[in-house]
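The values are calculated or read from the model by the stated rules, or taken from the named source; none is laboratory data. Source: prediction; values computed, not measured. Virtual Cβ from ideal backbone geometry, glycine too; neighbours counted across all protein chains shown. Just the protein is used for accessible areas: all its heavy atoms, side chains included, with ligands, DNA and RNA removed. Shrake-Rupley method; radii C 1.70, N 1.55, O 1.52, S 1.80 Å.
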Amino acid sequence: MAANRFRLGWFGNLTAPQWRDGWSDRDARTWSDGRFYVDMVRDMERAGFDFMMLEDSLMVPDIYAGTAELELKHAFYAPKLDPVPVVSMLAYATEHIGIVATASTTFYPPYLLARAFATLDHVTRGRVGWNVVTSSEDRAAQNFGMDVLPEHDARYEIAEEFMEVTGKLWQSWEPDAIVIDRERGYFADHTKVNPIDHRGKHFAVRGPMNVHPGPQGKPVICQAGSSPRGRDFAAANADMLLCIPNGLEGMKAYRDDIRARAEKFGRDPDEIKVFFVVAPVIGRTDEEAQAKNEAFLAAEQENFEHQMVHFAATMEIDFSVFDPDLPIPDDVTTNGHQGQFALWKEAFGGRPIREAASKMRVQSMELVGSPVTVADKMEEAMDYVGGDGFMFLSQPPSRSYTALITEGLCPELSRRGLIRQGFSHRTFRENLRAF
Ligand SMILES: Cc1cc2nc3c(=O)[nH]c(=O)nc-3n(C[C@H](O)[C@H](O)[C@H](O)COP(=O)(O)O)c2cc1C
């Protein structure tokens with residue numbers, strides 16, 4: 001049984017929760033005080049989740065048809081809270097669960113980022129993760145003094161140097177630099193706090209950091225690039241990886257590929273945990289879940305708009321200029337999420353845009369059914385793929401959906417011994433690697 005164990009993560013967007021179904025009127029108005037997410041992360045921790053990941057982007061997208069109408073209509077990408085400060089609040093309300101915040105190597109200066117995440121590692125007592133993104137939107141670049149983003153692979157090159165700089169900063173205090181020697185009158189030993197004197201192609205940072213490293217030394221490194229360049233970056237740097245390959249074969253191939261790349265970089269592949277995105281539809285019975293799924297699929301126009309917003313925001317492709325009754329034209333490319341775009345095209349399978357987009361969920365495999373049925377499928381998938389876990393994506397979030405997962409599905413997974421029963425270690429990284 002233990003061999004099958006896997007991990008659970010939650011894709012958290014700090015946006016307005018479900019606000020149209022009439023069940024969440026108060027949260028739709030008060031979510032931005034953060035308490036909605038505090039309740040959610042507590043539920044996750046109790047149910048056996050390993051982490052909550054907080055996604056982010058740095059713009060109000062207005063690519064689809066040249067206006068922000070759809071984006072704001074659906075409150076998909078804005079308004080949205082900055083995840084970095086929210087980590088503190090979520091950590092203070094919990095004891096064990098890992099909390100991953102997204103931050104971009106294209107826009108943060110490395111010193112500020114290293115300091116912010118070292119601080120978070122302290123205040124979370126070793127439970128913070130950093131989702132390293134290179135960002136994918138010119139609209140974000142335009143908020144930071146650039147007209148356009150650096151080109152896709154160049155962003156990864158900058159990110160590599162960014163990792164080098166932050167890595168050096170997190171090591172700029174030797175482990176025994178804090179002595180608290182009352183007799184000699186020394187709190188910290190200045191000979192063990194060292195400048196890093198980094199001068200590279202993209203960054204010049206003197207160091208040392210003005211905060212000592214937290215319990216983990218450096219945050220858990222999370223990554224989600226899926227292009228060949230992105231996979232190499234993840235294989236070289238990441239402790240955990242988020243991905244959405246299509247179907248069981250795609251999932252297995254993806255994980256095997258990442259593990260092979262990790263070996264190429266001289267790493268133990270077991271140090272990288274791969275999480276597949278799923279969006280389970282749960283009912284008390286299989287029939288109830290099927291009915292919910294059909295209701296979702298029937299909301300074609302809304303689903304279509306959601307996907308168009310998603311494409312526009314993450315790939316900056318304006319689908320309004322294409323005929324929705326034809327497939328995605330062959331010559332469309334993106335400087336945004338390239339790997340994701342390739343997977344999306346694969347999932348569209350040459351079908352017309354409207355038809356494919358309106359029936360689409362962002363997920364690696366379909367999970368529709370009662371807790372027993374969904375647990376069966378998850379168990380089978382992990383047996384086949386080899387590990388390491390799933391990340392649940394529910395957009396927009398809601399208390400009722402959370403409850404289906406934490407009080408319906410998780411107890412079933414737990415009864416089978418498939419998810420963690422508790423946390424045996426102090427830090428997020430140790431718990432992640434525990435099995
Ligand atoms: C599950 C998942 C979550 C992601 N979350 C974010 C995010 O919060 N912010 C962001 O800018 N990019 C996010 N990305 C995008 C990735 O970081 C990456 O930029 C994207 O997959 C493109 O990389 P590629 O061109 O190497 O495929 C996410 C991707 C996936 C698959």
Worksheet item: Take the residues of the stretch 409-429 that are polar (S, T, N, Q) and modelled with pLDDT under 95: which is nearest to G9 (Cα to Cα)?
Response: Q421
Worksheet entry | Matching residues, the stretch 317-353, being touching a Leu at 6+ places or on another chain (Cβ under 8 Å) and open to solvent by 40 Å² or more (accessible area, probe 1.4 Å) | N335
Item to complete: Take the stretch 1-45 and flag every residue that is of a type in the set (A, V, I, L, M) and either open to solvent by less than 30 Å² (accessible area, probe 1.4 Å) or touching a Phe, Trp or Tyr at 6+ places or on another chain (Cβ under 6 Å) (or both).
Response: L8, L14, A16, A28, V38, M40, V41, M44
Worksheet item: In the stretch 331-340, how many are more than 19 Å from the chain's Cα centre (by Cα) and within 13 Å of the ligand (Cβ to nearest atom)?
Response: 3
Practice prompt. Considering each of G126, G145 in turn, give the residue that is at pLDDT 95 or above and over 21 Å from the mean Cα position of the chain (by Cα).
Written response: G145
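Restricting to the stretch 214-260, count the residues that are of a type outside the set (A, V, I, L, M, F, W, C), assigned to a loop (DSSP other than H, G, I, E, B) and within 9 Å of the ligand (Cβ to nearest atom).
Summing the residues that are of a type outside the set (A, V, I, L, M, F, W, C), assigned to a loop (DSSP other than H, G, I, E, B) and within 9 Å of the ligand (Cβ to nearest atom) in the stretch 214-260 gives 3.
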Worksheet item: Hey, does the stretch 341-351 have a residue that's in contact with a helix residue (DSSP H, G or I) (Cβ under 7 Å, 6 or more places away or on another chain), within 16 Å of the ligand (Cβ to nearest atom) and more than 24 Å from R42 (Cα to Cα)?
Response: yes
Worksheet, complete the sentence: Going through the stretch 137-161 in order, the residues found to be open to solvent by less than 10 Å² (accessible area, probe 1.4 Å) and in contact with a Leu (Cβ under 8 Å, 6 or more places away or on another chain) are A140, A141, R155
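Could you tell me how many of the residues in the stretch 214-238 are farther than 20 Å from R155 by Cα and crowded, with 21+ Cβ neighbours inside 10 Å?
The total comes to 5.
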Item to complete: Of the conditions (1) under 24 Å from Q421 (Cα atoms); (2) crowded, with 23+ Cβ neighbours inside 10 Å, T94 clears all except one; give me its number.
Response: (2)
Practice prompt. Please note which helices (runs of 4 or more DSSP H) are completely contained in the stretch 81-173 and include at least 3 residues that are within 27 Å of E430 (Cβ to Cβ) and more than 16 Å from the ligand (Cβ to nearest atom).
Written response: 83-92, 110-123, 152-170
Worksheet item: Which of the residues that make up the stretch 281-300 are part of a helix (DSSP H, G or I), of a type outside the set (D, E, K, R), open to solvent by 30 Å² or more (accessible area, probe 1.4 Å) and farther than 17 Å from P396 by Cβ?
Response: Q290, A291, L297, A298
Fill in: Residue list for the stretch 15-39, filter: within 16 Å of the ligand (Cβ to nearest atom) and farther than 21 Å from E302 by Cα
Y37
Worksheet item: So which of D56, D50 is within 17 Å of A93 (Cα to Cα), within 16 Å of the ligand (Cβ to nearest atom), in contact with a strand residue (DSSP E or B) (Cβ under 9 Å, 6 or more places away or on another chain) and of a type in the set (D, E, K, R)?
Response: D50
Discussion item. Here is a list: L326, L418, L393, L404. Which entry is within 20 Å of R5 (Cβ to Cβ) and of a type in the set (A, V, I, L, M)?
Written reply: L418
Discussion item. Take A313 and tell me if it is in a helix (DSSP H, G or I), within 24 Å of the chain's Cα centre (by Cα), surrounded by fewer than 19 Cβ atoms within 10 Å (Cβ to Cβ) and in contact (Cβ under 8 Å) with a residue 60 or more places away in the chain.
Written reply: no
Worksheet item: With respect to the numbered conditions (1) in contact with a helix residue (DSSP H, G or I) (Cβ under 8 Å, 6 or more places away or on another chain); (2) more than 30 Å from S135 (Cβ to Cβ); (3) basic (K, R), which one is the sole condition not fulfilled by K359?
Response: (2)
Worksheet item: If you check every pair at least six apart or on different chains, which have Cβ atoms under 6 Å apart with a residue in the stretch 207-225 that is at positive phi first and a residue that is open to solvent by less than 10 Å² (accessible area, probe 1.4 Å) and among the hydrophobic types (A, V, I, L, M, F, W, C) second?
Response: G207/L169
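Please determine, by comparing only the residues of the stretch 59-80 that are within 16 Å of the ligand (Cβ to nearest atom) and charged (D, E, K, R), which one is most open to solvent (accessible area, probe 1.4 Å).
Within the stretch 59-80, the match that is most open to solvent (accessible area, probe 1.4 Å) is K80.
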